[in-house]
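Encoded as structure tokens, the structure appears first; notes follow it.
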Amino acid sequence: MAEYMRVTVRIRPIEPGQTPFLSFDNATEEVFVATGKRIVEGCVEGYNGTMFAYGQTGSGKTHTMLGAEPIEQGLYHEQNRGIIPRAVQHLFELLQEKKSKSAGEFNYVAHARFVELYKDELHDLLGPNNQLKLRDYGEDVVVTGAEERQIDCTQDALNILKLGFDNRKVGGTAMNQHSSRSHAIFIMNIETKETVGNFTTKRKSQLNLVDLAGSEKQQSARSSGERFKEATHINGSLSVLGRVIRSLAANPSKYISYRDSYLTHILRNSLGGNSRTVVIVNVHQNPEYASDTISSFAFAESCSKITNRVKVNEDLEGDSLTAWKEEVKRLKGELIAAHNNSKLGKSITE
């Protein structure tokens, strides 16, 4: 099934004392409902999903993805949560709901890895290993060597996120006193198994939640020493990401050089592959950054032209005739429930 990547632009509110040129931004809850909710719901049904924020440094990407600072506010205070904590909360709410409403037996298991790309090296944010590698298994790309944690509930996921973000590289620049100096990638693998009568459905999916470091212009960031080296690596990986995006938008049948960067390699399935992908482009309102904003809009336009090859990852078990009858019955039940809830449409009869 072909599906275009979805793009949303989020505008950072102006700083105190600046003249407003655009209206203020939507609340993060509204952003999540408009962009991330569908991605998470798809993961429960066996579709891979990816959400990432893109934009120049200081444009509000980490605020969008993680939430308010300090980190405890963004993770544990519901009103201040960003996209990532809202996504994991919604995921486990859906899994529990599916378990309670199943006509048979429904079970799930979820695992997480949390890594960062810092100066072109993959580091484990949950453990001491800084020598991580990427391995290709068919269409899938797997981070080997990273510590994997089982997650049973929302609180487990939030605690892991807290640990990972505490370990992430940050540093101050002229544009952002808490600038992310690495790309952070939170990877969840979800497996579900539902048995109804003689019919068993197994589904698996991967959810990638990504907070990219921001692009930097030296004259604006005024970084030097280690910060300058970090910025060089950040801009280099983002340059490769932009090149891959433009290539996919222009001619997806052409060879795409995903391996030119760890960032595009790890996101290969999310860019033109088997994943539903949402890109949230963050921009400044300040006219001082107009050229960066125009570049971000160009990136957003290219993303919107990319078609991903989305498919459900599932295995069906049981007697074929019985299995398909059970599946048709289950789907009819879901349709009846949907019609009853909305009070629209005709009744579905056998």
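Yes/no matrix, rows are residues, columns are (1) modelled with pLDDT under 95; (2) surrounded by fewer than 12 Cβ atoms within 10 Å (Cβ to Cβ); (3) under 21 Å from residue 8 (Cα atoms):
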{"site": "241", "(1), (2), (3)": "no, no, yes"}
{"site": "258", "(1), (2), (3)": "no, no, no"}
{"site": "266", "(1), (2), (3)": "no, no, no"}
{"site": "313", "(1), (2), (3)": "no, no, no"}
{"site": "322", "(1), (2), (3)": "yes, no, no"}
{"site": "330", "(1), (2), (3)": "yes, no, no"}
{"site": "339", "(1), (2), (3)": "yes, no, no"}
{"site": "342", "(1), (2), (3)": "yes, yes, no"}
{"site": "346", "(1), (2), (3)": "yes, yes, no"}
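The combined condition, being in a strand (DSSP E or B) and either free of Cβ contacts under 8 Å to residues at least 12 places away in the same chain or loosely packed, with under 13 Cβ neighbours inside 10 Å (or both), is fulfilled by residue 150.
This table checks each residue for (1) modelled with pLDDT under 95; (2) not β-branched (Val, Ile, Thr).
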{"site": "75", "(1), (2)": "yes, yes"}
{"site": "83", "(1), (2)": "yes, no"}
{"site": "86", "(1), (2)": "no, yes"}
{"site": "96", "(1), (2)": "no, yes"}
{"site": "110", "(1), (2)": "no, yes"}
{"site": "166", "(1), (2)": "yes, yes"}
{"site": "180", "(1), (2)": "yes, yes"}
{"site": "188", "(1), (2)": "no, yes"}
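Restricting attention to segment 286-320, which residues are in a helix (DSSP H, G or I) and over 26 Å from residue 276 (Cα atoms)? The answer is 287, 288, 289, 290, 291, 292, 320.
Taking the numbered list (1) within 24 Å of residue 181 (Cα to Cα); (2) in contact with a strand residue (DSSP E or B) (Cβ under 8 Å, 6 or more places away or on another chain); (3) not aromatic (Phe, Trp, Tyr) in turn, residue 63 passes all entries but (2).
Annotation note: of 103, 87, the sole residue that is in contact (Cβ under 8 Å) with a residue 40 or more places away in the chain, touching a strand residue (DSSP E or B) at 6+ places or on another chain (Cβ under 9 Å), small (Gly, Ala, Ser) and under 24 Å from residue 64 (Cβ atoms) is 87.
For residue 78, state whether it is of a type in the set (Asp, Glu), free of Cβ contacts under 8 Å to residues at least 60 places away in the same chain, surrounded by fewer than 16 Cβ atoms within 10 Å (Cβ to Cβ) and more than 30 Å from residue 295 (Cβ to Cβ). The answer is yes for residue 78.
The values are calculated or read from the model by the stated rules, or taken from the named source; none is laboratory data. Please read these numbers as outputs of a predicted model, since none were measured by experiment. In this analysis, Cβ positions are derived from the backbone assuming ideal geometry, glycine residues included, and neighbour counts consider all displayed protein chains.
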